[in-house]
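The values are calculated or read from the model by the stated rules, or taken from the named source; none is laboratory data. Bear in mind the structure is a predicted one, so any value in this text is a computation, not a measurement. Quick reminder, even Gly has a Cβ in these numbers, built from the backbone with ideal geometry, and neighbours come from all protein chains shown. Side chains are part of the model used for accessible areas, which takes the heavy atoms of the whole protein and leaves out ligands, DNA and RNA. Shrake-Rupley method; radii C 1.70, N 1.55, O 1.52, S 1.80 Å.
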Amino acid sequence: MYYDKNYALAKPERRRVVLSNFKGYDETKLSRNLPCDYVDCVYNYKFKNSRLTTPYGISALEFDGEIIPSIPDGLGDCKLFITNTQKDGKLKSRLALSHQNGLEYLTAGDREWTHIDCEGIFDVGVNYLYGDVDILLLSGERGLKALSGEQLVEIKDGVKVLDMCAHYERIYAVVEGVRNSLWFSDDFDPFNWNVSLDEGGYIDFDGSLGDVNAIKSFDNYLYVFCEFGIYRLTAYADQTQFTMKKVYTSSGRIFANSVTQCGERVAFASEDGIYLFDGYDVSRYSVKTNDLLQGGFKDVSACYAHHKYILSFTNEVDCDYGIFSQKQNNNVVMLFDLTDKSVDFMRGISLFDIKTVGAYGEGKIIGLSKDCSSPVQLDESGLYLGAPYQKYWQSPEIDFDRPATLKVVRGVEYGADGQYVLGIIANGERKEFVLSPLENRRSIYVKSDKFVFYIRSDNVEESIRPPILEIDFLK
């Protein structure tokens, strides 16, 4: 007699796991298990109270409460500067735009831009109070000039300044072609650069820290940022009493345009991280973004406001979620919060030549955009020039630390104020599930030994709570 054999199938182990508690971006805290609280791929979301929330916005600039007139057509590439001027007996803010064929300026209250003829674009500028007149010193291929009132005044022809700043009534400048020297004007007279013990002059460096790139007046000293380190210069009125000391040597190249005063410290980006400098000591602020920075970091622009160090740059590393153009410059903005060390990302945008205007550290962040016909400002709208962003969050590859075990994602419990897409990449395929705010659960069936999860949305307002996945582990 023969008997039928009954085989008992092993019951899968079923678990409910949180996808992420949405704590932030950090390349050093990635996990192959859930919850993946930190990720290395997230754009246009902010993290707040364990939620993905509405990002910063970019809108056309309102200048002193009025909408800025459009930039005149056909100017090509421009550089943005901010200064002050007297108008109608009052001190008013003024914007200046330099381009290849001249200079445009707009004083608060003006209805149109005013043109000044000149050749060549100005790359750097610094404000200076000359007597009782505010002037804007500008330099580019055609030398050093000053915007004073309605006129552009010649200072020194044929000299291209790469960076400059005002310190104890002198102007200090890094000059192209002599990158191992720092030049300075006469005190109280930025128009006089004669070399003399009683007028202007220059200071030579030994070159051990590389070329001189940037200078900052900070905490009564002048700090000279070279490619691989920092000098502190004691420079008061009498140049015979100038003294210099090497205060920092860097193992990675310092990006000149990233050097920015942030309250009582100076922040800068280098090839091996983001650093803070208090005038004496340098501390590494963050390494959580190093891989991204090394993947492509050029066209750098930086500023500081609201306790945030803000970097705009071009990153050419390709990705497959289609939210940015590889050809567009300054397509990434990183906002480092210097109080809690968090970082937010904006991508798929155009924002460059960023500046802070208004009360120091608490002012408005403004800049230029290839996508807007007027200067722009950073705001809290969550919109990019009136339209919602495409937002994206992605986990690392997840195998639950059990790479040989097959798993089945069977469902998700969720909560959000708006519709969003939960995507799963497994077995080389991408599957997407639309999650409606009118429901709180969705059935799923995706089988694999490892997964990559992602979230994307394009709502005006965002508030995505941590999803909970239902997963079977097959035996």
Report task. Report yes if residue 109 is in a loop (DSSP other than H, G, I, E, B), without any contact (Cβ under 8 Å) to a residue 12 or more places away in the chain, over 30 Å from residue 213 (Cα atoms) and not hydrophobic (A, V, I, L, M, F, W, C), otherwise no. Result -> no
Query raised in the report: What tally of residues in the range 59-81 results from selecting those that are of a type outside the set (Asp, Glu) and over 24 Å from the mean Cα position of the chain (by Cα)?
Result: 7
Report task. Filter the range 257-283 for residues that are assigned to a strand (DSSP E or B), at pLDDT 90 or above and either surrounded by fewer than 21 Cβ atoms within 10 Å (Cβ to Cβ) or not aliphatic (A, V, I, L, M) (or both) and give the result. Result -> 260, 261, 262, 265, 268, 275, 276, 277, 282, 283
Report task. Scan the range 358-397 residue by residue and report those that are more than 30 Å from residue 59 (Cα to Cα) and either surrounded by fewer than 21 Cβ atoms within 10 Å (Cβ to Cβ) or without any contact (Cβ under 8 Å) to a residue 40 or more places away in the chain (or both). Result -> 396, 397
Query raised in the report: Quick one: residue 455 ticks every box in (1) of a type outside the set (Ser, Thr, Tyr); (2) modelled with pLDDT of 95 or more; (3) in a loop (DSSP other than H, G, I, E, B); (4) crowded, with 17+ Cβ neighbours inside 10 Å bar one, so which box is it?
Result: (3)
Report summary line: Checked against (1) surrounded by 20 or more Cβ atoms within 10 Å (Cβ to Cβ); (2) free of Cβ contacts under 8 Å to residues at least 12 places away in the same chain; (3) not hydrophobic (A, V, I, L, M, F, W, C), residue 90 satisfies every condition except (1)
Report summary line: Scanning the range 85-102 for residues that are part of a strand (DSSP E or B) and among the polar types (S, T, N, Q), the one nearest to the chain's Cα centre (by Cα) turns out to be 98
Report task. Would you check which residues across the range 235-253 are out of contact with any Asp or Glu (no Cβ under 6 Å at 6 or more places or on another chain) and either open to solvent by less than 30 Å² (accessible area, probe 1.4 Å) or among the aromatic types (Phe, Trp, Tyr) (or both) and list them? Result -> 235, 236, 242, 248, 250
Query raised in the report: Of the residues that make up the range 3-18, is at least one under 22 Å from residue 364 (Cα atoms), in contact with an Asp or Glu (Cβ under 6 Å, 6 or more places away or on another chain) and at pLDDT below 95?
Result: no
**Report entry** When residues of the range 184-208 are limited to those that are over 16 Å from residue 126 (Cβ atoms) and of a type in the set (Gly, Ala, Ser), the one surrounded by the most Cβ atoms within 10 Å (Cβ to Cβ)
**Finding:** 201
Query raised in the report: Just for the range 219-230: of the residues that are open to solvent by 10 Å² or more (accessible area, probe 1.4 Å) and touching an Asp or Glu at 6+ places or on another chain (Cβ under 9 Å), which one is nearest to residue 203 (Cα to Cα)?
Result: 227
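For (1) open to solvent by less than 50 Å² (accessible area, probe 1.4 Å); (2) without any contact (Cβ under 8 Å) to a residue 40 or more places away in the chain; (3) part of a strand (DSSP E or B), each residue gets a yes or a no:
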site: 134; (1), (2), (3): yes, no, yes
site: 137; (1), (2), (3): yes, no, yes
site: 145; (1), (2), (3): yes, yes, yes
site: 152; (1), (2), (3): yes, no, yes
site: 158; (1), (2), (3): no, yes, no
site: 166; (1), (2), (3): yes, no, yes
site: 182; (1), (2), (3): yes, no, yes
Report summary line: Filtering the range 54-82 down to residues that are under 17 Å from residue 356 (Cβ atoms) and modelled with pLDDT under 90 yields 62, 63, 64, 68
Requested in this report: Enumerate the pairs (first residue in the range 273-285 and under 14 Å from residue 334 (Cβ atoms); second residue anywhere and not in a strand (DSSP E or B) and not acidic (Asp, Glu)) with beta-carbon separation below 6 Å, excluding pairs fewer than 6 apart on the same chain, so at least 6 apart or on different chains.
Outcome: 273/287; 273/290
Report summary line: If we ask which residues in the range 13-57 are in a loop (DSSP other than H, G, I, E, B), touching a Leu at 6+ places or on another chain (Cβ under 8 Å) and charged (D, E, K, R), their number turns out to be 2
Requested in this report: Just give me the residues in the range 184-204 being closer than 24 Å to residue 261 by Cα, of a type outside the set (Gly, Ala, Ser) and part of a loop (DSSP other than H, G, I, E, B), in sequence order.
Outcome: 187, 188, 190
Query raised in the report: residue 443 passes all but one of (1) in contact with a Gly (Cβ under 7 Å, 6 or more places away or on another chain); (2) farther than 25 Å from residue 348 by Cβ; (3) in contact (Cβ under 8 Å) with a residue 60 or more places away in the chain; which number fails?
Result: (3)
Requested in this report: Take residue 49 and decide whether it is open to solvent by 50 Å² or more (accessible area, probe 1.4 Å), within 30 Å of residue 461 (Cβ to Cβ), out of contact with any Cys (no Cβ under 6 Å at 6 or more places or on another chain) and at pLDDT 90 or above.
Outcome: yes
Requested in this report: Would you be able to say whether some residue in the range 425-443 is over 23 Å from the mean Cα position of the chain (by Cα), on the phi > 0 side of the Ramachandran plot, loosely packed, with under 14 Cβ neighbours inside 10 Å and charged (D, E, K, R)?
Outcome: no
